[in-house]
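*Asks:* A single structure is presented below for examination.
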Amino acid sequence: LATRRVLTPRTLAIAGVAIVLFELANVTDARLAEHGQYYENTPLLRNFSLHNDIARFLTDRRDLGRIDYQEDDIPYNFGDWFGLETFQTYTASVTTNIWQHKIFEPRVRDIMSIRYSIAKQPSRPEQKLVFHGMSGLKVYETPSVYPRVWAVHESMRVADSNAAREALGSADFDAHSKVFFVG
């Protein structure tokens with residue numbers, strides 16, 4: 001087609017790029033983590049594959065909340081690799097008003113719907129073991145977490161971010177039925 005001048009040079013360049021992209025898609029795809037044949041010569045991908053069973057278990061859960069894991073146990077971005085929503089991730093997605101709260105306290109983690117923890121041992125006494133991965137890591141579920149979405153029917157106003165942090169941390173504040181506004 002090029003010698004007969006049926007296609008313009010620009011069309012040929014676009015077709016060339018399309019062929020290259022098509023060929024690249026044959027060896028790299030979104031489901032690469034599940035294909036064991038790629039791991040023989042790539043140790044980094046082999047490490048990623050260690051947690052396939054945990055990711056499959058969590059993906060199959062209908063009550064999926066956020067997931068927490070320790071970077072010492074899983075030294076890569078687990079959520080991005082497997083398409084799961086994790087609490088600790090490598091993206092800049094937490095706004096300042098969230099960081100103002102005690103986000104690592106159990107009560108706040110419950111409100112943020114951090115239902116599952118991937119670890120060697122439970123981080124809280126009420127967590128129950130729900131899955132044991134082949135890598136030795138386990139999945140623990142926290143039954144006291146809030147659902148991802150719920151409706152509240154009462155609001156209150158707090159003076160500043162310090163008062164908001166105190167309200168959220170207080171056992172008297174019922175986040176199931178009340179919300180607060182700062183200012």
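The values are calculated or read from the model by the stated rules, or taken from the named source; none is laboratory data. Bear in mind that the values here come from a model prediction, so they are computed numbers and not experimental data. Backbone-built Cβ (ideal geometry, glycine too); neighbour counts: all protein chains shown. SASA here: full protein model, heavy atoms, side chains in, ligands and nucleic acids out. Shrake-Rupley method; radii C 1.70, N 1.55, O 1.52, S 1.80 Å.
*Asks:* Taking the stretch 82-141, which residues are in contact with a Lys or Arg (Cβ under 7 Å, 6 or more places away or on another chain), within 30 Å of V158 (Cβ to Cβ), touching a residue at least 60 places away in the same chain (Cβ under 8 Å) and surrounded by 15 or more Cβ atoms within 10 Å (Cβ to Cβ)?
*Replies:* Answer for the stretch 82-141, where residues must be in contact with a Lys or Arg (Cβ under 7 Å, 6 or more places away or on another chain), within 30 Å of V158 (Cβ to Cβ), touching a residue at least 60 places away in the same chain (Cβ under 8 Å) and surrounded by 15 or more Cβ atoms within 10 Å (Cβ to Cβ): Q100, H101, V108.
*Asks:* On to the next question. Just give me the residues in the stretch 120-139 being closer than 16 Å to F78 by Cα and among the hydroxyl-bearing types (S, T, Y), in sequence order.
*Replies:* Within the stretch 120-139, S135 is the sole residue that qualifies.
*Asks:* While we're looking at this one, here's another question. Can you name the number of the only condition in (1) over 17 Å from the mean Cα position of the chain (by Cα); (2) surrounded by 12 or more Cβ atoms within 10 Å (Cβ to Cβ); (3) at pLDDT 70 or above; (4) over 30 Å from G183 (Cα atoms) that V20 fails?
*Replies:* That leaves (2) as the condition not met.
*Asks:* Which of the residues that make up the stretch 152-183 are of a type in the set (G, A, S) and surrounded by 10 or more Cβ atoms within 10 Å (Cβ to Cβ)?
*Replies:* As a first pass, look at the stretch 152-183 and keep what is of a type in the set (G, A, S): 155, 159, 161, 163-164, 167, 169-171, 175, 177, 183.
The answer is S161, A163, A164, A167, G169, S170, A175, S177.
*Asks:* Further question on the same structure: Give just the number: which of (1) within 28 Å of A164 (Cβ to Cβ); (2) open to solvent by 90 Å² or more (accessible area, probe 1.4 Å) does R62 not satisfy?
*Replies:* (1)
*Asks:* Since Q70 meets every condition but one in (1) modelled with pLDDT under 85; (2) open to solvent by 90 Å² or more (accessible area, probe 1.4 Å); (3) under 27 Å from D53 (Cα atoms), which condition does it not meet?
*Replies:* Every condition holds for Q70 apart from (1).
*Asks:* While we're looking at this one, here's another question. Kindly establish whether V149 is open to solvent by 40 Å² or more (accessible area, probe 1.4 Å) and at pLDDT 85 or above. Show your work before the answer.
*Replies:* Working: open to solvent by 40 Å² or more (accessible area, probe 1.4 Å): yes; at pLDDT 85 or above: yes.
Against the criterion (open to solvent by 40 Å² or more (accessible area, probe 1.4 Å) and at pLDDT 85 or above), V149 qualifies.
*Asks:* Still on this structure, please answer the following. Exactly one condition in (1) touching a helix residue (DSSP H, G or I) at 6+ places or on another chain (Cβ under 9 Å); (2) modelled with pLDDT under 75 is false for R4; which is it?
*Replies:* Only one criterion in (1) touching a helix residue (DSSP H, G or I) at 6+ places or on another chain (Cβ under 9 Å); (2) modelled with pLDDT under 75 is unmet by R4, namely (1).
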